[in-house]
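Here's the structure, in structure tokens; my notes come after.
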């Protein structure tokens, strides 16, 4: 995160990095990532056009950098939030009930729809 903060500060961009602007930028970058998969029918990444992986990696890095910047701007410990969310998901979708199948559930109820 220190390198990202330094990058932004060197360019005097701190004033543009409000939570709202960072959330918008994150969404735009996620859409740019998704654009690489528009009209692609290949499920196997090795079937993607040559050179696409570098471009996809660049977009993924953009998404990650804006996500880290947003969490920093909001004072959210992203590592702690991630671990908490993984624990919530483990409880919400126990392997015995959901292994090998997608089971839609009502949000927060833990019950299959």
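Among 81, 71, which comes first, then next, by fewest other beta-carbon atoms within 10 Å?
In order of increasing Cβ crowding within 10 Å: 81, 71.
Can you sort 40, 50 by how many other beta carbons sit within 10 Å, fewest first?
Ascending number of Cβ neighbours within 10 Å: 50, 40.
In degrees, nearest 10, range 0 to 90: what is the angle between the Cα axis of helix 52-74 and the longest Cα principal axis of the chain?
80
Taking neighbour counts of Cβ atoms within 10 Å as a proxy for exposure, in what order, fewest first, do 38, 52 appear?
Fewest to most other Cβ atoms nearby, the residues stand as 38, 52.
Which entry in (1) 11, 28, 29, 26, 5, 0; (2) 12, 31, 20, 11, 9, 8, 6, 3, 0; (3) 13, 35, 21, 14, 11, 6, 1 matches P(r) over Cα pairs in 10 Å bins from 0, in percent derived from the coordinates of this structure?
Correct label is (1).
Using the alpha-carbon atoms, what tilt in degrees (0 to 90, nearest 10) does helix 78-92 show relative to the longest principal axis of the chain?
Value to nearest ten degrees: 10.
Grab the Cα-Cα distance for residue 9 and residue 34, subtract it from 0.36 nm times how many residues apart they are, and report the gain in nm with one decimal.
Contour length minus the Cα-Cα distance gives 6.1 nm.
Values in this text are rule-based calculations from the coordinates and carry no lab data. Everything numeric here is computed off the predicted structure, so don't read it as measured data. We place every Cβ from the backbone using ideal geometry, glycine too, and count neighbours over all the protein chains shown.
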